[in-house]
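The values are calculated or read from the model by the stated rules, or taken from the named source; none is laboratory data. Computed from a predicted model, the values in this text were never measured in an experiment. FYI the Cβ positions are ideal-geometry reconstructions off the backbone, even for glycines, and counts take in every protein chain you see. The area values use the complete protein model at the heavy-atom level, side chains included, leaving out ligands, DNA and RNA. Shrake-Rupley method; radii C 1.70, N 1.55, O 1.52, S 1.80 Å.
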Amino acid sequence: MSYTEQKELESTYMMTTYGRKPVEFISGAGMRLYDSEGREYLDFLSGIGSTCLGHAAPAVSEAIAKQAAKLIQVGNYFYCEGRGELARDLSLLLNRGNATAAPWKTFFSNSGAEANEGAIKLARKYGKLYLEGAGTVLTARRSFHGRTLATTAATGQAVKQESFTPMPTGFANFEPGNYESLCEALTACANKAQQEGRADFAPAAVMLECVQGEAGVWPLDEEFVRSVRSLTAERGLLLIIDEVQTGFYRTGVPFSFMHADIKPDVVTMAKGIANGFPCAAVAATGKAADVLMPGEHGTTFGGNPLAIAAARATLAELTDGDTEARVKRIGTYFCTQLAGLPLVQEVRGKGLMIGVSLSGNFAVQAADEALAQGFVINAIGTDILRFLPPLCVSEEEIDTLISMLNTLLKSM
Ligand SMILES: *Cc1c(COP(=O)(O)O)cnc(C)c1O
């Protein structure tokens, strides 16, 4: 079927939740994608940061094919091969290899939003057990936590909520990077709980992305992240770190909270966990790890043998070798090259999660023209470009992109 026929079918039979770009991808390998007309592209978006090992990474594709031929799904009423091993390996990664540290316990789901839903439910149950019924989750403005109703309410962006009111209650926002603002929001929640006689309106948890991805790649100050950890610990509140986009070495360390050298109570992950295969997880440690009881939370597909096989193969590749040093080195190189381009106002990011603010509303046009020239990059809003390449991107591939962008931006 041609691209034109595909476009026609989708516009007739699919909801228009996305304004799609004019290309139909057929196959990929590593950094490269191929469209229905046989054209080759360099992919600097990697399935929105999910194919961290590159497209069709042989180890993962083979693990999926092998498992698919053996067993795909049995449901969570039974034990299944590989699930305990994956949970153990995630615990080790969250503890940065320290096998004697307290374990993390995991619940597997299918998407980032679902992982965050799990974290929110966990926080509310925790509040029932340990915080006199408190149940409000505080999140940062400009954050992104998903598209389900509760995670839309958690997302600190009014534009994403307006069409879908009434929003679920029990969420409040603070200014990212602003400690005073967080303190004020906590006080406001406590006061509201008191005035309305609703214990569940009191704060139970803070949920945070250490690098806010969807709003244009905004790294939070590490000192701020540490102060949020101290404050939540002092008050007995949970700290949930949303690592859906930042996890699995994207920012140069296994998880972005490690830059601030803190230990959260709850961590959510998805995107990079299984090299693009749907899989997600919420992990908790300490008292939070034992809060959810049989029957309180569940999923049909989460943690199915196929997803587990894909995640295990991905994790094995990521932790075998010098991923950390490599992502840091290549990320620094990429940022330096981007900073020298015309129209570039600011380069932000960590590792291979990079945002570029342009001095003018050229982002959409730049991304569209880049695509026409065989480069997949992402525009956020009107003036930000985002880059989330596979972690295997080479300096030569970065040079090729930079040379194209240099000519492109000069002409704008
Ligand atoms: C993408 C993303 C989500 C949502 O993940 P889905 O798999 O699309 O549900 C949540 N939080 C962050 C930080 C994300 O980047």
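General remarks:
- For the range 284-383, convex hull of alpha carbons as volume per residue, Å³: 212 Å³
- Restricting the GluC sites (Glu not before Pro) of the range 265-346 to loop positions (DSSP other than H, G, I, E, B) with no more than 13 neighbouring Cβ atoms within 10 Å leaves Glu296.
- Multiplying the residue separation of Lys70 and Asn178 by 0.36 nm and subtracting their alpha-carbon distance yields 33.8 nm.
- Degrees separating the helix 395-410 axis from the principal Cα axis of the chain, which is the longest one: 80 degrees
- Isotropic mean projected area of the C-alpha convex hull, the range 106-199 (nm²): 6.8 nm²
- Sites counted here are chymotrypsin sites (Phe, Trp or Tyr not before Pro) in a DSSP loop (not H, G, I, E or B) having no more than 12 other Cβ atoms within 10 Å; the longest part of the chain that contains none of them is 80-412.
- Where labels lie 7 Å past Cα in the beta-carbon direction, separation of Lys21 and Gln373 in nm: 1.3 nm
- Of the GluC sites (Glu not before Pro) found in the range 14-80, those that fall in a DSSP loop while having at most 11 other beta-carbon atoms within 10 Å are Glu37.
- The share of alpha-carbon pairs in the chain lying farther apart than 28 Å comes to 49%.
- Rounded to 10°, Cα long-axis angle of helix 83-94 versus longest principal axis of the chain: 90 degrees
- Model label points for Glu223 and Met412, set 7 angstrom from Cα along the Cα-to-Cβ axis, are 3.4 nm apart.
- Within a Gaussian network of the chain (alpha carbon springs, distance under 10 Å), most fluctuating of Thr100, Thr400, Thr51: Thr100
- Of Lys328/Lys410; Lys263/Lys350; Lys121/Lys287; Lys7/Lys410; Lys121/Lys350, those spanning more than 21 Å from alpha-carbon to alpha-carbon: Lys328/Lys410; Lys7/Lys410; Lys121/Lys350
- Accessible surface, per residue, of the chain when the full set of protein chains is kept, probe 1.4 Å, Å²: 45 Å²
- Along the chain, the longest continuous region that contains none of the trypsin sites (Lys or Arg not before Pro) in a DSSP loop with at most 16 other C-beta atoms within 10 Å is 199-412.
- Between 0 and 90°, nearest 10: helix 58-68 axis offset from the chain longest Cα axis: 60 degrees
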